[in-house]
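The values are calculated or read from the model by the stated rules, or taken from the named source; none is laboratory data. Being a predicted model, the structure only gives us computed values, none of them experimental. Glycine gets a Cβ as well: all are built from the backbone with ideal geometry, and neighbour counts include every protein chain shown. Heavy atoms of the whole protein, side chains included, go into the accessibility calculation; ligands, DNA and RNA do not. Shrake-Rupley method; radii C 1.70, N 1.55, O 1.52, S 1.80 Å.
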Amino acid sequence: MKGWVWVLLVALGLYQAWGQFGPRNQVLAHTPEAPYVLVYGRDSCGYTGQMRQGLTRQGVAFAYNQVDNGAVADQLHGKMQQLGLNTAYYELPVVEVNGRLLLRPELDRVLQIYRQSP
């Protein structure tokens with residue numbers, strides 16, 4: 001019996017790790033007609049601030065959505081659930097760029113996808 005409990009715990013841990021460390025560049029069903037960037041984060045997050053500053057320096061227009069707003073969080077979580085991503089814990093910012101959802105991406109990756117034709 002202890003063996004089965006151990007296997008179950010390991011499987012649960014692997015499942016949680018997959019949600020946290022699994023694929024980080026997910027494509028949404030929505031296909032954009034023009035390049036766009038949406039940044040989901042919070043004002044107190046340094047990574048969110050760095051992303052916003054980097055996009056501004058590069059001249060990329062973007063929309064910023066604060067995840068502390070319940071409606072914004074619900075919208076983001078719906079997109080994440082659509083892709084099978086864990087909504088219980090994730091790192092900010094989450095950046096949606098040209099139909100892809102990226103969890104705490106590097107600025108270079110966001111720019112690369114943004115500059116590709118959708």
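Just a few scattered comments:
- Within the range 65-80, the residues that satisfy the criterion of being in contact with a Gly (Cβ under 9 Å, 6 or more places away or on another chain) and either open to solvent by less than 40 Å² (accessible area, probe 1.4 Å) or part of a loop (DSSP other than H, G, I, E, B) (or both) are 65, 67.
- So residue 71, is it of a type in the set (A, V, I, L, M) and free of Cβ contacts under 8 Å to residues at least 12 places away in the same chain: yes
- Positions within the range 37-64 being open to solvent by less than 60 Å² (accessible area, probe 1.4 Å) and aliphatic (A, V, I, L, M), in sequence order: 37, 38, 39, 51, 55, 60, 63
- Pick from the range 81-102, criterion closer than 20 Å to residue 70 by Cβ and among the aliphatic types (A, V, I, L, M), ranking: most open to solvent (accessible area, probe 1.4 Å): 88
- Applying a threshold of 9 Å to beta carbon distances and a minimum spacing of six or more residues, or different chains, the list of pairs starting in the range 92-118 at a residue that is modelled with pLDDT of 95 or more and ending at one that is loosely packed, with under 15 Cβ neighbours inside 10 Å and among the aromatic types (Phe, Trp, Tyr) reads 92/47; 93/47; 104/47.
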